[in-house]
Structures are given as structure tokens and as C-alpha cells.
Amino acid sequence: MKIVLLGYMASGKSLIGKKLSTILDYKFIDLDNYIEDKEGKSISKIFLEEGEIYFRRVEHSCLKEILKTKENIVLSLGGGTPCYFDNMKIISEANSVNSIFLNVTIPEIASRLQSETSTRPIVSHIKNKEDLLEFIGKHLFERSKFYRQADLIIDGNQEPDLITETIILNLF
Ligand code: S3P
């Protein structure tokens, strides 16, 4: 089985992904880390030096490559992955995939992101909390139609262990 976690930045995809992979003894792949290893530089540097369009192309091809694996995996996507090319269709149509949307509220995302905006290229231009809340509100609204195509939608505001347990109960 391939468990694919998706959701906005700071929705807990990597944290929950690691927990799931440990409990299930599945291989864990973080798409951002996979891209960084492949390109030999950080996501921020790829955005800065090559631009977002280049990043989205690499993201798309890495996603396709990973989904071909026959292994049991937990894959944590980047926040934008489901929203570019036909990525969400590819995920939905791949064999033995269960996609899960970690749905976190706007204020919770904003407070998690506030201290880390400088390391995240999508929000690095935002200077204060009010602007961050407004940006996330609009951006999440645009992205929700992709996220909501997931097989399962989980309340991502809960404790990480509870989220992990809920996912396992839903899948097995
Ligand atoms: C992005 C989210 C990031 C990373 C890139 C773009 C986005 O991943 O892929 O900076 O467009 O939302 P995380 O969701 O893991 O932060």
C-alpha cells in the first residue's frame, strides 16, 4: 500500500508520515527531501536559483517516479504538489494508493508558520501575522478543491498521536 499525505504547509505531513511509517514498518519518503537529494540543494535554493516553474516540473517527475515503486510506502507531499499538472489525478489513479488530506484551520497554520516564514519560499515575502492570515485564507481556498479530492479527510488540528491512530483505524 502507498499512503500519501497531503495538505497545506505546516499541516503535519512529515511528522504524521514518520509516525505512520514507524508503526506500520513502511518506508517513509518526504517528497521535498527527495527533491533536495536529487537536485543537491535546498528547496529554498531551487526556488531562488531556478524558479518555481522549474521546481514544479521536478516535483511532478519525482512524484511519478515514487508512485511507480512496488514497496509499501508513506509519502508526504509538499503543500503545493496536488495543485500542479495532473498530480492529483495521477495520485488518485495509481495502484493501491490511499490519499489523506490533513485539514488544519487557518489560525493554526498561521501560528505554526509564523516563526518559519523565512525558510519557506511561498510565504517568505510576508512580514506580519495579519498578512499571513489573509494570505493563507485565500491560498487555502484556492487549493482546497485539490486537497478535498483525497480519499480521506482528517482533522489535522488534533494531537499527532491521535491523528496517526485515526488514520490507521480508517485504513485497516
Ligand atoms: C510548498 C510547500 C513546501 C515545498 C515548497 C512549496 C507549497 O512543502 O514543497 O516550498 O507550494 O505549499 P511543505 O508543505 O512540506 O512545507
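The values are calculated or read from the model by the stated rules, or taken from the named source; none is laboratory data. Only a predicted model underlies this, so the values are computations on that prediction, with no experimental measurement involved. Every residue, glycine among them, receives a Cβ derived from its backbone with ideal geometry; neighbour counts consider all protein chains shown. For the accessible areas, the whole protein counts, side chains as well, though only heavy atoms, and no ligand, DNA or RNA atoms are used. Shrake-Rupley method; radii C 1.70, N 1.55, O 1.52, S 1.80 Å.
Data for the structure
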| quantity | calculated |
| --- | --- |
| Cα-centre dipole for region 2-171 with unit charges at Cβ (Lys and Arg positive, Asp and Glu negative), debye to 20 | 280 debye |
| Inter-centroid distance (Cα atoms) of region 149-172 relative to region 90-132, Å | 17 Å |
| Accessible area (Å², per residue) of the chain, counting only protein heavy atoms and a probe of 1.4 Å | 52 Å² |
| Taking the chain and dividing mean pair separation by its residue count, relative contact order in percent (alpha carbons under 8 Å, at least six apart) | 33 percent |
| Residues of type lysines that LYS70 reaches as a straight line, Cα spacing below 24 Å, ignoring anything fewer than 8 places off in the same chain | LYS2, LYS13, LYS18, LYS19, LYS27, LYS38, LYS89 |
| Size descriptor, Kirkwood hydrodynamic radius, that averages inverse alpha-carbon separations across region 1-120, Å | 14.8 Å |
| Mean shadow area of region 58-172 over all directions, Cα convex hull, nm² | 7.9 nm² |
| Förster-model FRET efficiency, 25 Å R0, THR105 and LYS41, C-beta, rounded to 0.05 | 0.15 |
| Cβ-based net charge around GLY80, under 10 Å, with every Lys or Arg adding one and every Asp or Glu removing one | 0 |
| Calculated FRET efficiency for the pair ARG57/ASN98, C-beta based, R₀ 35 Å, to 0.05 | 0.85 |
| Portion, in percent, of the accessible area of region 2-171 that falls on carbon or sulfur, probe 1.4 Å | 50 percent |
